[in-house]
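Worksheet: one structure, shown below.
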Amino acid sequence: MAKARSRKASPAKAAPARPEVAIIGGGIAGLSAALRLSQRGFAVTVFEAKPELGGNMSSTNVHGIDHDVYPHMFCDWYANFWTIFEQDLGFARATHFEPQDGVKLLELGAETYLDLRNPSTLSTVWENLTSGILSVPEMIVLMFSMLDLAAHPFGGDVTDNLERIDVNGFLYSRGYVTEDVAKVHNYILTLVWSMNSDVTAAKTYQDFLRHFSSFPNQRPLAWLLRGSLRQKIMQPLADKLRDLGVTVHTDTMVTALDIIDGRPRLIVEARNGVAAPQAFDHAIIATPAGAMIRLAMGAPGEDPATKIVAVEPRIAQLQHFHDAAIPVVDIYFKKKLAGVPQGQIGLTGSSMMLSVIDISQLWETSSMMRERTALVLAASDGFAIPAVGPEARGFAMIEQLHRWLPIFNLGTHWGDPDSDIEWAMSHFRANDTNRLFIDDVSSWAFRPTASDPAALSNIFLAGDYCQSSADMATIEAAVQTGLLAAQALQAADARSHGKMRGEPITLAAEQLDGSAKLLAAKLALLPAAYGASAWAALSESLANPGGERPGTENYPLLLPLSCTLDWWTTAYSLALELAPGIKSASLADAGKATLLKAVDLLQDFARHQPGRGDPRPPPSELATTFSAFAGAAMRAAEAALTKAARGKPPAPDAPYKRRWRVKP
Ligand SMILES: Cc1cc2nc3c(=O)[nH]c(=O)nc-3n(C[C@H](O)[C@H](O)[C@H](O)COP(=O)(O)OP(=O)(O)OC[C@H]3O[C@@H](n4cnc5c(N)ncnc54)[C@H](O)[C@@H]3O)c2cc1C
C-alpha cells in the first residue's frame, strides 16, 4: 500500500472537470465551505455523522417540537455569517431575527431586572453607569477596563510564554481594578463561554471586545432567531446546497481517513452499514477538534503510515484542547407566565451559572407558543448540577431557576402533574456530544489554521477551534474558518492546475476600531477611571470603616503612581502607533546614547574627580569596584540595545506568528 507522503507543488496538470471535495462534518463551518466551493464549480460531498445538519447549531425534533442545542445569540459583528444569511440565502435580517440591545441580570430575591446594554452610544454608556449592577464608580472602572484591554498592545506573537496572559492576570496588573469589577468579567466569561477569567486568554477576550466596540455608532448587541435553528437557518442552507448540486449524507460517519497515493480516502459508516472506501481530490475536515484528531491519528489496528499524523506530527498536540458541555432544558408551561422580559437573562449568583431566554416571545408565529410561556434554561457550569440522569438533572436546574423566578408552581419532581410545567413538551439535553470549544490561555499556540496540515496540499481544516480573527468559539469563528479552508483549497487547486476556478473566495471586511483610536480614548479617560477607583475605595472605607481590601493595603498611596505609569506607557504606545518610525533602530539608538551618557557620569562620579588643576588622588577600592561594575553593565546594555536595534519589533496588529508552515 502506498504511504502518506508530503506533496511538493507539482508542475501544472490538466484540471479535472470538477474536482471532488469531501467535507467531513456538517456544522456551520463545513456548510459554509460547501456553499462557496460548490458556487465555484467544485463537486462537493458533505458527510455528517448525526441525523441532522448543523452540529452545535442543530435542532432535535421531539414530538413535532424543535429543540435547539441552544437558541444562539447572533452578534451584530458576525460579518461573514450575515453575508451568507442575507446575500446567499436572500433573507432579511429584521424579518427573521429580533434585535437585542443588551442582556438582563436578575439577582436572587430581586423583583426588578438590571440592564447591561451595548455601550455603543453616550446614552447607553450612561444607562450602564446607572444600571445598579455595581456602584457608579465601579461601573466606570468596569467599562474602562474593557476599553483598556481592547486597547492593550500585546506583542506580535501570543504563542510566546510572556504573552500568554489570562484575563485575571491582565486585570491584576491594572492598579485601578477592584475585586467586584474582576467578578463581573468572570461572570460574563463563564456565562457566555463556560470559561473562568483565570483560564481565558486576555488576547482572546481582547479580540472579542474589539469586535464588539462600535462607539459612537448605535447597533444591537446581538440578534435572536424568531424560530428554531433548523427552521430558520439549517433547512434553508441545506436547500440552497442541494440546488447547487452538493451531495449531503446525514447519519453517515467518516470512520477513517487515509492518504493513499497522495489522495484522501474516506471510510464511511452509514446507518445501513459500512460503505466502500471513497477517494477524493481534496478533503476538508470540519469536525470538532477531538473527532479531527481521531481521524488524523487513526485507531489501533489501522496503518499508521497512511495517517495525517505520519506527515504532520504536530497534529497530535491538538490533544491539549478542552471543551465543555452546557446542559439545556426547554421548559414549556401550561399557561403564560406574567412579567418575564424578552431576551437573555442571567441569574447572578446561581451556582450553575444559569441563563434563561423566553422563546415564546420570539417564536410568535407558532400558535403553540401564543398560549404558553416556553423558557430555554442553560447551565454554563454543568458540573454544579447535583444530580444524575436526564430528568433529575433537568429538574435540579428548574429548581434553581425557581429560586430566582418563583412565579410558577414547580411540583416535586420531573413529570409531577401538579406542576405548571407541561412535561410532555419539555426537554432536557446534556449536550455531551455538542460541546463548546474552550479557547483557554495556552490554546492559541496549538490552534491550527485552515490551510493546515501544511505538509499535505489537499487536506484542510475548518471549525471554531482553528485560528480566526473572531478567535472566541462563535458562529462567526466557525464560518470564517470554513471560508478560509475553502479559500485555501481553491488556491491549492489553482496552483496545481495553473488556473483559478471561479472568482477568488473572499471573507467579508471587518470594521474594527484601530489601536490608535482605542489608545487615544484610553489616554483621555484614564484619569477619570483612576479617580473612579479612588472614589470606590473611599466610599467603601466610609461605609465599612476598618474593613480590609485584600491585597491592597497601600492602595491609596499606589494609585497616583500606577495612574502616572499607566498614562505614560499608554502615551508611549500611542506614539508608537502614530509614528511607527520610532519603533525601529532610532529608538534603541536613543536609549543606547542615553545609557552611555548615564554610565559615563556614574564612572566620573565613582572616580571622584576633583576640579581642574587639583592633584588627582588615587581611586579608592570601592570606586574601582563600582567603576568595573558600571563598565560591565554598560557593555551588557550596549549589546542588548544593539541587538534590539537590529530586529524590528512586530506591529501590534500584525497577524500572530504562525507555528504551522504554509502549504506547499
Ligand atoms: C450550548 C452552546 C451554546 C452556544 N451559544 C452560542 C451563541 O450564543 N453564539 C455563538 O456565536 N456561538 C455559540 N456557540 C458556539 C457555536 O455554536 C459554535 O462555535 C459553532 O456552531 C461551531 O461550528 P463548527 O462547524 O465549527 O462545529 P460543529 O457545530 O461542532 O460541527 C461539527 C460537525 O461534525 C460532525 N462530525 C463529527 N465527527 C464526524 C465524523 N467522524 N464524520 C462525520 N461528521 C462528523 C458533528 O456531528 C458536527 O455536526 C454555542 C455552542 C454551544 C455548544
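The values are calculated or read from the model by the stated rules, or taken from the named source; none is laboratory data. Model, not experiment: these values are computed from the prediction. Here the Cβ is made from the backbone with ideal geometry for all residues, glycine too, and neighbour counts use every protein chain on show. We work out accessible area using only protein heavy atoms, side chains counted, and drop any ligands, DNA or RNA first. Shrake-Rupley method; radii C 1.70, N 1.55, O 1.52, S 1.80 Å.
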- [ ] Show which aspartates and glutamates lie in cross-link reach of Lys307 when reach means a straight Cα distance below 15 angstrom and same-chain residues fewer than eight apart are skipped.
- [x] Asp258, Asp261, Asp452
- [ ] List every residue whose amide H lies under 5 Å from the amide H of Thr252, counting only residues 5 or more places away in sequence or on a different chain, with H placed 1.01 Å from N in the peptide plane.
- [x] Glu48, Ala49, Lys50
TODO: Would you mind getting me the FRET efficiency between Asp160 and Glu111? Use the beta-carbon distance for r and R0 = 56 Å, nearest 0.05.
DONE: 0.65
TODO: Evaluate the relative contact order of segment 327-429 (contact order divided by residue number), counting alpha-carbon pairs under 8 angstrom at least 6 apart; express in whole percent.
DONE: 35 percent
TODO: Using 0.36 nm per residue of separation minus the Cα-Cα distance, give me the extension gain between Val62 and Asp261 in nm, one decimal.
DONE: 67.1 nm
TODO: Filter the cross-link list Lys50/Lys336; Lys232/Lys499; Lys104/Lys336; Lys232/Lys335; Lys104/Lys335 down to pairs whose alpha-carbon distance in this structure exceeds 28 Å.
DONE: Lys50/Lys336; Lys232/Lys499
- [ ] Find out how many positive minus negative residues lie around Ala528, taking Lys and Arg as positive, Asp and Glu as negative, among other residues whose Cβ is under 14 Å from that of Ala528.
- [x] -2
Task: Overall dimensions of segment 327-429 as given by Cα atoms, namely Rg and Dmax in Å - done: 12.7, 37
Task: ³J(HN,Hα) computed for each position of segment 18-26 - Karplus, 6.51 cos²θ - 1.76 cosθ + 1.60, integer Hz, glycine/proline x - done: 9, x, 8, 10, 9, 10, 9, x, x
Task: Alpha-carbon centroid distance for the pair segment 296-312 / segment 454-517, whole angstrom - done: 26 Å
Task: Qualifying aspartates and glutamates (Cα of each under 15 Å from Cα of Lys203; at least 8 residues distant if same chain) - done: Asp148, Asp157, Asp160, Glu163, Asp166, Asp439, Asp440, Asp471, Asp653
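Starting from the Cα-Cα distance between Gln278 and Ala424, subtract it from 0.36 nm times their residue separation and give me the gain in nm to one decimal.
So the chain would gain 48.2 nm between Gln278 and Ala424.
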Task: Highest-first arrangement of 278-289, 257-268, 503-514, where packing means the average Cβ count within 10 Å - done: 278-289, 257-268, 503-514
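Provide the gained length on full extension for the span Trp567 to Leu507, in nm with one decimal, where the gain is 0.36 nm per separating residue minus the Cα-Cα distance.
Details: separation 60, 0.36 × 60 = 21.60 nm, distance 3.70 nm.
Stretched out fully, the Trp567 to Leu507 stretch lengthens by 17.9 nm.
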Open item on the list: Tell me the per residue accessible area of segment 250-348 using a 1.4 Å probe; a whole number in Å² is fine.
Closed with: 42 Å²
TODO: Sticking with the crude label model, points 7 Å out along Cα→Cβ, report the distance from Ala524 to Arg271 in nm, one decimal please.
DONE: 6.0 nm
- [ ] In nm, give the distance between the simple-model label positions of Gln235 and Ala305, each being 7 Å from the Cα along the Cα-to-Cβ direction.
- [x] 5.1 nm
- [ ] Report, ordered by chain and residue number, the aspartates and glutamates lying within cross-link reach of Lys240, taken as a straight Cα distance under 14 Å and ignoring same-chain residues fewer than 8 apart.
- [x] Glu86, Asp88
Task: Distance (nanometres) between label positions extended 7 Å along Cα→Cβ at Thr250 and Ala575 - done: 6.2 nm
Open item on the list: Once R0 is set to 22 Å, what does the formula 1/(1 + (r/R0)^6) return for the Cβ-Cβ distance between Asn544 and Thr130, expressed as a FRET efficiency to the nearest 0.05?
Closed with: 0.45
- [ ] Within segment 420-457, which residues have the backbone N less than 19 Å from the label spot 7 Å out from Met368 along Cα→beta-carbon, could you tell me?
- [x] 420-430
- [ ] Heavy atoms only, probe 1.4 Å: what % of the accessible area of segment 429-514 goes to carbon and sulfur, would you let me know?
- [x] 54 percent
